[in-house]
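Okay, structure first, notes after.
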Amino acid sequence: MTINTITTKVSGYESHRLEQLEQKHQEAQKAAANQEGANDRISISEEGRLKAAAFKTAQESDGVRADKVSDIKARIEAGEYKPEGKDIAASLVRQELDVWG
């Protein structure tokens, strides 16, 4: 079995007309793509808004909880502050799990 290629020569007006049709087709595709992009929307859930607000507040904060610092200072001066190593380690692990969870 043999397959013969059929070639058709396009010249002059036919060539020009094909170029015009191709150009119109490409313009129509671009217009359709632009119109689809105009309908794109984004919505943020209430949970997302709360997380964003919390993140912004955390970034603006210096990270120091003055009330906790003053309480621990007072307990150290009174000799009442005796942290356990196990409690400190457990707290660090909890914090890591909260962050990376």
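Quick notes on this structure:
- Condition check for Gln29: open to solvent by 90 Å² or more (accessible area, probe 1.4 Å), assigned to a helix (DSSP H, G or I) and at pLDDT below 75: no
- Among the residues of region 43-74, those that are of a type in the set (D, E, K, R), open to solvent by 90 Å² or more (accessible area, probe 1.4 Å) and in a helix (DSSP H, G or I) comprise Glu46, Glu47, Arg49, Lys51, Lys56, Glu60, Asp67, Lys68, Lys73.
- Filter result for Lys24 (of a type in the set (Lys, Arg), open to solvent by 100 Å² or more (accessible area, probe 1.4 Å), without any contact (Cβ under 8 Å) to a residue 12 or more places away in the chain and over 30 Å from Val99 (Cβ atoms)): yes
- Residue in region 60-78 that is basic (Lys, Arg), touching a Phe, Trp or Tyr at 6+ places or on another chain (Cβ under 8 Å) and at pLDDT 90 or above present: yes
The values are calculated or read from the model by the stated rules, or taken from the named source; none is laboratory data. Because the structure is a prediction, the values reported are computed rather than measured. Positions of Cβ are generated from backbone atoms using ideal geometry, with glycine treated the same way; all protein chains shown enter the neighbour counts. Ligands, DNA and RNA are excluded from the accessible area calculation, which covers all protein heavy atoms including side chains. Shrake-Rupley method; radii C 1.70, N 1.55, O 1.52, S 1.80 Å.
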